[in-house]
Amino acid sequence: MKLIDLFVICILVLILMPVTSFSQDEKSIKILDKELEYNLNGVFSGAGGKYYLRQLGDEVLWYGEEDAVSPTWSNVAHGIIKGNIIKVKWADVPKGEIMQSGSLVIRIDSNDELVLLEQTGEFFATDAWTRIP
């Protein structure tokens with residue numbers, strides 16, 4: 001599979017998911033008159049893979065793949081941050097062999113630690129993410 005094909009598939013997945021805003025100016029979320037600021041941009045590790053996160057205001061996008069020369073799984077995701085919770089829709093992409101999808105509820109413990117609270121749909125193996133320095 002060519003890199004351009006993978007890119008096109010990732011773009012299609014992101015286009016088909018609902019998007020409320022791509023504002024890059026706001027990094028804070030106002031909850032009960034208290035602003036919570038997160039900076040989740042970066043690389044995180046979890047369950048034998050790496051996740052490349054990009055935060056755009058209250059939205060999170062990621063590309064994740066297994067740490068292997070020929071990964072069995074790779075996925076993209078889109079989520080919305082509300083308070084210290086991210087609600088995510090994810091889907092595997094054809095770089096890997098596994099083709100699954102689902103939804104996750106993730107708690108933000110800090111800018112460096114994320115914890116899976118709930119999942120629906122097909123099995124998602126990662127239950128915690130830690131920022132890689």
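Computed from the coordinates by the stated procedures, all read-outs in this text should not be read as laboratory data. This structure is a prediction, so every number in the text was calculated from the model and none was measured. Every residue, glycine among them, receives a Cβ derived from its backbone with ideal geometry; neighbour counts consider all protein chains shown.
Here are the numbers for the structure shown:
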quantity	calculated
DSSP-assigned coil residues among GluC sites (Glu not before Pro) in the stretch 42-133, each with at most 15 further Cβ atoms within 10 Å	Glu97, Glu122
Placed amide H near Ile85: partners under 5 Å, 5+ positions off or other chain	Ile108
Taking the C-alpha atoms of the stretch 46-122, convex hull volume expressed per residue in Å³	84 Å³
Cα-centre dipole for the stretch 51-133 with unit charges at Cβ (Lys and Arg positive, Asp and Glu negative), debye to 20	300 debye
